[in-house]
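Notes for the one structure printed next.
What follows is calculated from the coordinates using simple rules that are stated; it is not laboratory data. All values reported here derive from a predicted model rather than from experimental measurement. All Cβ positions, even for glycine, are placed from backbone atoms using ideal geometry, and neighbour counts span all protein chains on display.
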Amino acid sequence: MKGSLWLAWRQQRVLVGCAAALAVVACAIAAYSRSGMLDELRTGLFDTCEPGPLYCWPDGANGPLFLDITPLQYLGALNIALPVLIGVFWGAPLLGRDRELGTHRTVLAQGVSRGQWFASRYALAACCAVVLSGLLALLFRWWWEPAADHSYGLFWYETTALSGSGPRTVAGALFGLAAGTLAGLLARRVLAAMGWTLLVTAVVTLAVEWTHKARVFVPPHRYVSQGIAPKPPMGEKWSTGTYGLITATGRRDDVLSCPYPSGAELKACMARHGYVARFYEANPAGDWWSFQWTDTALLGGLALLLTLATVLLLRRRV
Amino acid sequence: MTGADAPAAALRAAGLGFRYRARGGWALRDCGFTVPRGRITALVGRNGAGKSTLLHLAGGLLRPRTGEIRVLDAVPGTPEARARVALLTQDKPLYPRFTVADTLLMGRRLNTVWDQAAAEAVVREGRIGLDAHVGELSPGQRTRVALALALGKRPELLLLDEPMADLDPVVRGEIMAALMTEAAERGTSIVLSSHVLPELEQTCDWVLMLREGRVEISEDADTLREEHRLLTGRADLRGSLDGHTVVTERTAGRQLTALVRARGPVDGDWHVERPSLEAVLVAHLQAAGATAAAEEAAA
C-alpha cells in the first residue's frame with residue numbers, strides 16, 4: 001500500500017500543488033477584502049441601516065449603501081463550480097490517464113493489486129478534495145459573516161451564499177471527483193472522460209440550483225395575517241413571490257384579486273370577495289441549514305453511489 | 001498434478017477458456033498444458049491465436065472465464081504470484097513524464113523485492129541516461145527500461161509479450177543474451193512470445209504453440225527437432241508415410257516433399273533431412289492455416 005500511495009502522490013503532486021496555491025490565493029484575497037469590509041463598517045455609516053431586504057439609503061447619501069462583496073461572490077461561484085473543476089481536472093485523469101496510456105498494466109504487473117491501485121489514488125484525491133473544499137467553504141463563511149443578511153451585504157438565500165458554502169460544498173467536491181473517476185474508468189480517454197464529466201457535473205449542479213429555486217426539498221412556510229392586519233415583515237426570509245388572499249372556507253386566491261397594499265380600499269375589496277386573511281410564502285433564515293443538509297445528502301449520496309459503481313466495474317474494466 | 005512427484009510447473013493450465021465479451025468468440029478455449037520450471041519457452045502462434053491473452057491471464061491482468069491457470073503453482077493476481085512473476089506486455093506502457101530513474105524508483109516502491117543494481121545494469125547497457133524522460137526515448141530504449149522494470153523485481157517467472165518487436169538486430173542479440181544469462185544464473189523460467197522464429201531457435205528449449213485459441217504443441221524443443229523429418233522422394237511412396245504424422249506435404253510433378261513427425265523409423269527410399277526448429281514451427285503454423293482454410297471451404 002505504501003508503494004501505491006507513493007505512486008499516487010507522484011502522479012498527483014502537481015494537482016495537489018495547484019490546489020494548495022488556489023487555497024493560499026483565496027485566503028489572501030479573503031483576508032484583504034474582509035479587513036476592507038470591516039473598515040467600512042467601522043466608519044459608522046452602516047449603523048443606521050435597518051435589517052431587511054430594503055436598500056439602506058441614509059439621509060444625505062448619494063445612493064443606497066453597499067459593501068464591496070463582489071470578490072466574496074466570486075469565491076461563492078468558485079465553490080459552486082468546484083464539482084465541475086475537481087471532476088474534470090482531478091477525477092477524469094485519475095484512472096483515465098493510466099487507462100489511456102495502458103500504464104495500469106505495468107503497475108498491476110508489479111506487486112500492486114487492483115484494489116490498492118484504485119484505493120490509494122482515490123483516497124489521496126478524496127482527502128485533497130475534502131480539505132480544499134472544506135477550507136474554501138469555511139473561508140466563505142468567515143468572509144461573509146460581517147455582510148451576512150443585510151441589504152448592503154449578502155442574504156443567506158442568494159445563490160453564492162446558499163450553494164457556495166457549508167457542508168454541501170464538500171459533498172459537491174466529492175461528487176465531482178467520483179463522477180470524473182467513473183468517467184475515466186469508462187471512457188478510456190482522458191479528453192473524452194473530461195467531456196463527460198463536464199456534462200454530468202454541470203447538469204447536476206444546475207439541477208440542484210433549480211431544486212433551490214423551486215423549493216423542491218425545502219418547502220416554504222406560509223405566513224398568514226388575519227383581515228387587514230399588517231403582514232409579518234419579510235425581513236431575512238426568502239420570498240417565493242407568492243402572495244394571496246384566503247376565504248373563510250380556506251380557498252387561496254392570487255393577490256391580484258385585491259391589489260391594494262392596505263387601508264379602506266383593501267378592506268372593502270376583501271369584504272366584497274369574502275376574504276378573511278392574507279398570506280405570503282417564504283423560507284425563514286433557518287432553512288439555510290435545511291437546504292445545506294438536503295444538498296449534502298443528495299450530492300454525498302451520488303458520490304457514494306458513483307464510487308460504488310467504480311469499485312464494482314474495476315474488476316471487469318481494468 | 002499437484003502431487004508431490006509432479007514436476008514443478010512454471011505455467012500450468014487446465015480447461016482454460018477466455019473471451020473478452022460474454023457473447024463474443026473465445027480467445028482461448030479448452031487449453032491444457034504444463035510448462036516445466038527453468039525453461040525458456042517460445043510461445044508461438046499466428047496473429048490472433050491468443051498469445052497475448054494467455055500472457056495477460058498468466059500475469060493476472062485478466063481472469064479466466066473457464067478452467068484455471070497457475071503460475072509457479074499460485075493463482076495469478078494473488079500477492080504471492082505478483083511477487084514472483086513479472087510481465088512485460090506488448091505495448092510496454094510507461095509513464096512518459098517520469099524519468100528513467102523515477103521509473104526504476106517506482107519499481108522499487110511497488111515491489112517487495114527489488115534489485116536496483118540489476119535494473120540499472122539493464123538500462124546502462126542500452127546507454128540510456130537515468131535522468132532521461134521516458135517520453136523522449138526511442139521505442140527500443142523504452143523496451144529496455146520496461147525490461148529493467150521486469151528484471152529488477154527478480155522474478156522466478158518472466159512473461160514477455162513480443163519483447164523484440166521494436167528492437168534492432170544488435171539490441172535483440174544483446175537482450176536475448178541478457179535473458180539467457182538471467183535464466184542460466186538464476187534459473188528463471190521465461191515464457192516469451194515472438195514471431196521472429198530464428199532467434200527462438202537458439203534460445204528456447206520448450207515450445208508452446210497456440211492455434212485459434214487452443215494449444216497445438218506444448219513440448220520440449222529438442223524432442224520436436226528430433227522427431228521431425230523433412231522427406232523428399234517419389235510421390236508414389238506416399239503410402240509408406242501411413243502411421244506417421246504428416247505435417248505438411250507438397251507435390252511437384254512426381255516428387256513429394258513432406259515434413260513428417262516420425263512415429264518410429266520411416267521406411268522407403270526417401271531423402272531424409274533434419275529440419276531446423278524454425279522449419280518445424282513454420283510447417284505447423286502453415287498446417288494450422290491450411291486446415292482452417294479447408295474447414296472453411298467445407299463449411
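Applying a 4.7 Å Cβ-Cβ cutoff to the protein assembly as shown leaves A:Cys18, A:Cys27, A:Cys127, A:Cys128, B:Cys31, B:Cys204 as cysteine residues with no disulfide-compatible partner.
With r as the distance between the Cβ atoms of A:Leu138 and B:Arg21 and R0 = 45 Å, compute the FRET efficiency 1/(1 + (r/R0)^6) and round to 0.05. In this case the efficiency is close to 0.40. This ranking places A:Ile29, A:Ile86, A:Ile80 by how few other beta-carbon atoms lie within 10 Å of each, fewest first, which gives A:Ile29, A:Ile80, A:Ile86.
Shielding value for B:87-97 is 5, the average number of Cβ atoms from other chains within 10 Å of each residue's Cβ.
Computed from the Cβ-Cβ distance with R0 of 60 Å, the FRET efficiency linking B:Glu68 to A:Leu54 stands at 0.15.
The distance linking region A:142-211 with region A:22-77 is 24 Å (Cα centroid to Cα centroid, whole angstrom). Label 7 Å along Cα→Cβ of B:Arg238; region B:261-280 residues with amide nitrogen under 19 Å? Only B:261-262, B:267-271 pass the distance filter.
Think of each Lys and Arg Cβ as +1 and each Asp and Glu Cβ as -1; about the Cα centre, that makes the dipole of chain A roughly 1920 debye. Each distinct pair of alpha carbons in region A:238-283 adds a 1/r term; the inverse of their mean, the Kirkwood radius, is 10.8 Å.
Across q = 0.09, 0.12 Å⁻¹, chain B modelled as identical point scatterers on its alpha-carbon atoms has Debye log10 I(q)/I(0) values of -0.50, -0.84, in the order of the q list.
Each Lys or Arg adds one and each Asp or Glu subtracts one; over the other residues with Cβ under 14 Å from the Cβ of A:Ser33, this totals -3.
Antiparallel beta bridges, as assigned by DSSP with both residues in chain B, represent about 70 percent of the total such bridges. For A:Lys231, the lysines whose Cα comes closer than 16 Å to its Cα, not counting residues fewer than 8 places off in the same chain, are A:Lys267. The modelled label-to-label distance for the pair A:Ser257/A:Val203, using points 7 Å beyond Cα in the direction of Cβ, is 4.2 nm. On a C-alpha basis, how far is the centre of region A:288-314 from the centre of region A:87-123 in Å? Whole number, if you could? Answer, in whole Å: 22. Peptides A:96-102, B:22-28 ordered by packing proxy, namely the average of other Cβ atoms within 10 Å per residue, highest first: A:96-102, B:22-28.
Rounded to the nearest 10 degrees, the inclination of helix A:190-213 to the longest alpha-carbon principal axis of chain A is 20 degrees. Please give the net charge around B:Gly25, taking every other residue with its beta carbon less than 11 angstrom from that of B:Gly25, where Lys and Arg add +1 and Asp and Glu add -1. Its environment carries a net charge of +3.
Restricting the calculation to Cα atoms, chain A shows an Rg/Rh of 1.12 when the hydrodynamic-style radius is the Kirkwood one. Taking only the C-alpha atoms of the protein assembly as shown, the Rg (one decimal) and the largest Cα-Cα distance, Dmax (whole number), read 37.2, 132 Å. Spatial offset of region B:188-258 relative to region A:233-254 amounts to 93 Å, using the alpha carbon center of each. When Rg and Dmax are taken over the Cα atoms of region B:79-204, they come to 13.6, 38 Å.
Summing charges over neighbours of B:Asp242, with a neighbour being any other residue whose Cβ is under 12 Å away from its Cβ, gives +1 when K and R count +1 and D and E count -1. Peptide B:102-110 has a mean shielding of 5, counted as Cβ atoms of other protein chains within 10 Å of each residue's Cβ.
Each Lys and Arg Cβ is given +1 and each Asp and Glu Cβ -1; about its Cα centre, region A:238-283 then shows a dipole of about 140 debye.
Which ordering of A:Thr205, A:Thr70 is given by a fewest-first count of other beta-carbon atoms within 10 Å? Mind showing how you got there, number by number?
Working: A:Thr205 21, A:Thr70 9.
Starting with the residue having the fewest Cβ neighbours, the order is A:Thr70, A:Thr205.
Model label sites at B:Arg186 and A:Arg215, defined 7 Å from Cα along the beta-carbon direction, differ in position by 7.2 nm.
Summed over qualifying helices (DSSP H, 4 residues or more, each -39500 (n - 2.57)) and divided by its residue number, chain A shows a 222 nm mean residue ellipticity of -21500 deg cm²/dmol.
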